[in-house]
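The values are calculated or read from the model by the stated rules, or taken from the named source; none is laboratory data. The structure displayed is predicted, hence computed values, not measured ones. Positions of Cβ are backbone-derived with ideal geometry, glycine not excepted, and every protein chain shown enters the neighbour counts. Keep in mind that these areas ignore ligands, DNA and RNA; they rest on the heavy atoms of the full protein, side chains included. Shrake-Rupley method; radii C 1.70, N 1.55, O 1.52, S 1.80 Å.
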Amino acid sequence: MTTHILIYLLSFAGIWIGSGLIIKAVEKLSRNLRISSFAVSFLVLGMFTSVGEFSVGINSVLKNDPEIYVGNLIGASIVLFMLIIPLLAIVGNSIRITPEFQGFNLPASLIVVAAPVILAMDGKITKFDSFITLGLFGLLLISVEMKKGIMQKTNNLSQTGISAGKELLKIIVGVAIIFIASRFVVEQTLYFSELLHISPFLISLLLIAVGTNIPELSLVIRSAFIRNHQVAFGDYIGSAAVNTFLLGLLTIIYGKTVILTNSYLVSLLFLVAGLLIFYYFARTKNSISRLEGFLLLCIYALFVATEIFIHKV
């Protein structure tokens with residue numbers, strides 16, 4: 001027991017160190033490229049911090065149990081919008097919606113995040129559904145790119161000197177540290193959940209979804225200390241959008257229609273409701289206040305309580 005607790009604590013320390021490397025590197029890289037740290041975090045961190053979800057997905061495909069990755073990706077999006085972003089709003093005394101997502105890009109992102117939920121309402125996810133999710137994700141990337149022109153800046157990366165390359169290396173090292181540490185955290189979470197006799201379905205939907213979002217959770221604390229919410233918020237939106245991309249990609253890799261045998265209706269309804277409420281809050285004053293963050297957090301608590309009540313051990 002003592003060994004497992006020690007591994008748990010060391011893993012969280014690794015995630016803390018890795019997230020610190022990433023945030024500082026993103027800030028310096030964005031200055032070198034003369035673009036916002038939000039744009040870099042949306043496209044770069046959004047991809048890198050979803051490595052955990054991708055690893056879970058590949059393993060579930062190899063084990064011929066695709067419901068694991070569906071539950072994890074849906075649960076991960078719920079965690080992002082109703083736990084992590086609200087926590088950022090609470091510890092940071094509000095989140096300002098950055099100019100990149102004021103207007104069309106915010107509702108477009110939420111539609112991309114909600115797409116898997118809408119497509120899964122009939123109890124299955126087909127290849128056609130996966131192509132829809134990939135197409136929507138591609139359109140969102142084009143929209144963000146047109147807003148900030150990050151690709152053009154990246155093409156001129158060589159003009160910024162060796163320092164930009166060093167920052168990219170730091171981001172990769174930080175992500176590697178987080179990925180390794182996150183795997184240990186997920187493993188230990190599963191160990192303690194088995195020790196406490198928690199339902200496997202709840203582990204997939206609630207615990208693993210939180211476990212694979214540990215890098216995003218660590219960014220909440222780091223951002224509060226250095227008062228840079230753009231990096232964290234950009235990462236969260238990007239990571240949630242990447243979840244949609246991964247669902248489509250993994251379904252294509254699986255090669256067959258995914259039949260959802262477990263009851264996902266409650267999860268699907270909570271995610272749709274949460275996204276609608278989030279959008280309403282965000283569009284009023286282009287920000288999420290501390291009170292609004294607390295209300296979203298209450299919705300997440302209600303979601304967890306409802307799932308535990310429905311899927312009793």
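Observations, loosely collected:
- Counted by Cβ distance under 12 Å from Ser130, the other residues give a net charge of +2, where Lys and Arg count +1 and Asp and Glu count -1.
- In this rough spin-label picture, where each label sits 7 Å from Cα along the Cβ direction, the Thr306-Lys127 distance is 3.5 nm.
- Taking amide H as placed 1.01 Å from N in the peptide plane, the amide H of Leu260 sits under 5 Å from that of Lys124, Ile125, each at least 5 places away or on another chain.
- A Förster radius of 41 Å, combined with the Cβ-Cβ distance separating Thr257 from Val91, puts the computed FRET efficiency at roughly 0.45.
- Using a Förster distance of 45 Å, the FRET efficiency for Asn286-Ile172 (Cβ separation, nearest 0.05): 0.85
- Pairs exceeding a 24 Å alpha-carbon distance, out of Lys28/Lys285; Lys63/Lys256; Lys63/Lys170: Lys28/Lys285; Lys63/Lys170.
- Taking a ≥ b ≥ c as the square roots of the eigenvalues of the Cα gyration tensor, the range 237-281 is oblate, since a/c reaches 1.5 or more and a/b is not larger than b/c.
- Within-15-Å neighbourhood charge of Ser289 [Cβ basis; K, R +1; D, E -1]: +3
- Counted over all Cα-Cα pairs of the range 273-313, pairs farther apart than 15 Å make up 48 percent.
- Distance between modelled label sites at Leu139 and Leu295, nm, 7 Å Cα→Cβ extension: 2.9
- Taking a sphere under 9 Å around the Cβ of Ala89 and counting the other residues whose Cβ falls inside, with K and R at +1 and D and E at -1, yields a net charge of 0.
- Percent of alpha-carbon pairs separated by more than 14 Å within the range 78-140: 67
- Spin-label model, Ile277 to Lys63: label points 7 Å out along the Cα-to-beta-carbon direction sit 3.2 nm apart.
- For Ser287, the residues whose modelled amide H falls within less than 5 Å of its own, excluding neighbours fewer than 5 places apart on the same chain, are Ile97.
- Heavy-atom accessible area for Glu167, with the other protein chains in place and a 1.4 Å probe, reaches approximately 20 Å².
- Solvent exposure ordering (accessible area, 1.4 Å, most first) of Tyr280, Tyr300, Tyr69: Tyr280, Tyr300, Tyr69
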